[in-house]
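The values are calculated or read from the model by the stated rules, or taken from the named source; none is laboratory data. The model shown is predicted, which means the values in this text are computed figures rather than measured ones. Using ideal geometry, Cβ is built from the backbone for each residue, glycine included, and neighbour counts are taken over all protein chains shown. When the accessible area is computed, the model is the full protein with side chains, heavy atoms only, and any ligands, DNA or RNA have been set aside. Shrake-Rupley method; radii C 1.70, N 1.55, O 1.52, S 1.80 Å.
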There are 2 protein chains.
Amino acid sequence: MFRVYHGLAFVLFSFTPDGGGCKAAEKRLKRPDKSKSSWHTSVVPFLMFRFSVIQKDPNTQARLGSMSTAHGPVQTPAFMPVATQGTVKATTPRELREIGAEIILANAYHLSLRPGAELVEQAGGLHRFMGWDGPILTDSGGYQVFSLKELCQVSEEGVRFCSHLDGSAHCLTPETVVRTQERLGVDIAMVLDECVPGLASYSEAARAGALTTRWAERALVAKTSEDQALFGIVQGGTFPDLREQSARALVSLEFPGYAVGGLSVGEDPRLTHQLAAHTVQGLPETRPRYLMGVGTPEQLVRYVALGFDLFDCVLPTRNARNGTLFTHTGKLNIRRAAYANDPRPIEENCGCYTCRHFSRAYLRHLAVAGEILSAQLNTLHNLYFYQRLMRSMREALATGRFATFAHLFFGLPAVEREEVRVWQI
Amino acid sequence: MFRVYHGLAFVLFSFTPDGGGCKAAEKRLKRPDKSKSSWHTSVVPFLMFRFSVIQKDPNTQARLGSMSTAHGPVQTPAFMPVATQGTVKATTPRELREIGAEIILANAYHLSLRPGAELVEQAGGLHRFMGWDGPILTDSGGYQVFSLKELCQVSEEGVRFCSHLDGSAHCLTPETVVRTQERLGVDIAMVLDECVPGLASYSEAARAGALTTRWAERALVAKTSEDQALFGIVQGGTFPDLREQSARALVSLEFPGYAVGGLSVGEDPRLTHQLAAHTVQGLPETRPRYLMGVGTPEQLVRYVALGFDLFDCVLPTRNARNGTLFTHTGKLNIRRAAYANDPRPIEENCGCYTCRHFSRAYLRHLAVAGEILSAQLNTLHNLYFYQRLMRSMREALATGRFATFAHLFFGLPAVEREEVRVWQI
């Protein structure tokens, strides 16, 4: 709480009429003059980015696809491990390769505050900086800024906020956010969007959705890199017609990919599912669809069935550090005394480094003793579990057996009954 | 402090005359009756342990050697990374192999308190439990117990102490300590010794040294495993004649290896050097000599020159977690702002995973951001630095150039002038 009040105080004293505002931030960018170009379609083509649907499932909306990026291909559906600060927590890049990750997600907001986008640019870009030579997608940071609540002020121009690190005043505009991600040199960038809470009113969601669209237009105009794909983000709160409007407006701007944001932010999971199902229908089949911040293994299967291609979530990595491990028969908390003498691996048929070499008894010991290796080994397993699940879905799609796979998956005891009821093929 | 007082209170109320005492602990062992056997030499041979000196340096006391253990060979001089709780902190076993570690050190005291020696035995022994199939040496825990100070009581029988974890009452005797290490199934075990502070008086050091010798005799009698080598520990405080006495007494017991303990515990480093130099002369050339808890890179070179073969220290791993990194031109603290934009690796010609893939700028970012990967990458580098130093010394010994190597090493700016003065070849 201290930091919050400290930050607020800083806002009061720092935001002179034009001193640290968004306009000033814009001026400091010194970008090439592109005022004469159209702002309805991107001025700079997406030369290094391609997406193709390889196979469509006959029974669901799921599809097997392939993205090509400036740093190599990604088979979809894909799960992106989260590397918020430029590292997938407790994991080396070579371990990420080993578990089969093809693309990771970093956060432009966090990296621009620390160590700074300029510093990363000088270091040769985020790939070189963090030692990961595969594709990287960055979230713009809109979600993080809006989660600060009291610490941010939204205007047509952009959003002013105070750093969660030191309370210093900052400003995000659609243009600065594009520029930051170009500096980071990532393969896929996200536009700045305004993310409203799950309980936001219709008028509030409508206003934020429309603003997000206008910001998306400005982001496309601001874009200068041919190597980087810029994805639009569908907003619209919990209102199907607003979601539809948002999707239609963004699609007319012809982004190379579309994300669905502002879901799983406190609303009923069934509503999430209905909104996602409704929204996805408004997105073109020829472009990748990214459901942001999702989710559990069950959600991944369900949303792949709806036609989503990309996912990210902190769940496997955060859970790992808390000792919660994924298996095909449910989660287990390795700190439980029941595992003190358990000679089995986390999961018998798992091929991850952790399961091939260590027992539950050892993993429990590491967790209870507070050893760093606990976070390392648990993270390797959970990420491997997620990658294996995605691979299984892709294999099922390739052989036309996705519906069977999904039915079998939801027949396992790991899945809560409630989730099965929501599940519709 | 709370835990200390809690522990003390526990001592007052828990130690009934014979309830939790050392005698009772002895009885619970139910060991085979070996009362008739000689206690001057080991009853059980050391079948799986061999040590041979391959080459002696013509200019110093240094020697190139080879130990063979139940879990494979170790080239000496060797540095043992410290795995106190059954993990070298922030490092996987395969990474330890990669950096060239051949033997590691764990701690019987810590492991017997958590997760418990019985549990490790049931898990197939420490090697299997922690996924390390190379040689393991365990310290008995004497040093740890005596560092508890107020929480321990020494008697002829052994030492009573309260756990640093929960204040529970425990007892170590020479026999229980051997039994614990046999349960752990390690390749080299250490006897229980009484370690006095660097400032201990002559009479105190004499008493403790004599007790350590009597305990060493009992330890040899207690030994039952043919796979495990048991090393004696020379004590004697800061008094050369006591060191000499202690060494002579232990050598007459014919241990397969000898450690020198109770040094670098607060005394003047020059005195440490003099005592170590004096003590090593009393140890047989045909047996490995282990200088416990040492040390800095400079100390390793110096004590190899004196004829020591084995070393362990938390310095490389602990420093790594604090951001202090070893290079051949001195230590650097990666958290310093000076490294924020530094594109170089920690050390230009270093072959470790960290130096091959990451810049100082990235490592600084990880350290400042509090990322677990910081501990991982820093530890890999520091341990690699230590292993590389030992390898360099072995190569120099193999080609008769150790004195040249040492002179060059101490000519580098990393070494404090004071240390050079102490250095004598």
query = When each pair of different Cα atoms in region A:263-326 is counted once in the 1/r mean, what is the Kirkwood radius in angstroms, to one decimal?
reply = 12.6
ask   = Between B:ASN341 and the same site in the other copies, what are the distances in nm, shortest first, taking label points 7 Å from Cα along the C-beta direction?
value = 6.1
task = Between the label point of B:THR286 and that of the same position in each other copy, find the distances and list them shortest first in nm, with every label point placed 7 Å from Cα along the Cα-to-C-beta direction.
result = 8.5
ask   = Could you give me the ³J(HN,Hα) list for region B:80-96, computed from phi with Karplus coefficients 6.51, -1.76, 1.60 and θ = phi - 60°, whole Hz, x at Gly and Pro?
value = 9, x, 8, 10, 2, 9, x, 7, 6, 3, 6, 9, 8, x, 5, 5, 4
key: Exam field: A:ARG214 pseudo-label spacings to other copies (7 Å along Cα-Cβ), nanometres   = 9.0
key: Compactness index (Cα Rg / 2.2 N^0.38 Å), region A:156-250   = 1.13
query = To the nearest 0.05, how large is the calculated FRET efficiency for A:SER201 and A:THR329 if R₀ is 41 Å and r is the Cβ-Cβ distance?
reply = 0.45
Accessible area expressed per residue, chain A, with surrounding protein chains retained (probe 1.4 Å, Å²) = 39
message = Test of understanding: in a Gaussian network model of chain A with alpha carbons linked when under 10 Å, which of A:SER147, A:SER252, A:SER392 would top the mean-square fluctuation ranking?
response = A:SER252
task = Working from Cα positions, state the angle (0 to 90°, nearest 10) between the long axis of helix A:174-184 and the longest principal axis of chain A.
result = 50
inquiry  = In whole percent, and with a 1.4 Å probe on the protein chains, what portion of the accessible area of the protein assembly as shown is carbon and sulfur?
reply    = 53
request  = Take chain B, connect every pair of alpha-carbon atoms lying under 10 Å apart with a spring to form a Gaussian network, then pick out the residue of B:LYS89, B:LYS331, B:LYS223 with the largest mean-square fluctuation.
outcome  = B:LYS331
key: Vicinal HN-Hα couplings computed from phi for region A:293-300 (Karplus, 6.51 cos²θ - 1.76 cosθ + 1.60; Hz; Gly/Pro x)   = x, 10, x, 6, x, 5, 5, 4
query = Chain pair A, B: how much accessible area is buried, both chains summed, with a 1.4 Å probe, in Å² to 100?
reply = 3300
message = Using the Kirkwood radius over C-alpha pairs as Rh, can you work out the diffusion coefficient of region A:320-411 via Stokes-Einstein at 20 °C, viscosity 1.002 mPa s, in µm² per second?
response = 155
ask   = Extent of region A:76-134 along each principal axis, from alpha carbon coordinates, in Å, largest to smallest?
value = 31, 22, 18
request  = Mind jotting down a quarter of the surface of the convex hull over the alpha carbons of region A:50-314, in square nanometres, one decimal?
outcome  = 13.1
Whole-Å distance, taken between Cα centres, linking region B:289-325 and region B:199-247 = 22
inquiry  = Can you bin every Cα-Cα distance in the protein assembly as shown into 20 Å intervals starting at zero and give me the percent of pairs per bin, rounded to whole numbers?
reply    = 14, 39, 29, 17, 2, 0
query = Expressed as an acute angle from 0 to 90° and rounded to the nearest 10, what is the orientation of the C-alpha long axis of helix B:2-14 relative to the principal long axis of chain B?
reply = 10
remark   = Checking A:LEU310, A:LEU383, A:LEU113 against a Gaussian network model of chain A (alpha-carbon springs below 10 Å), the top fluctuating residue turns out to be A:LEU113
inquiry  = Using a 1.4 angstrom probe on the protein heavy atoms only, could you order B:HIS110, A:HIS71, B:HIS407 from most to least accessible area?
reply    = B:HIS407, A:HIS71, B:HIS110
ask   = Share of antiparallel DSSP beta bridges in chain A, in percent to the nearest 5?
value = 50
request  = In Å³ and rounded to a whole number, note down the convex hull volume per residue for the Cα atoms of region B:222-319.
outcome  = 117
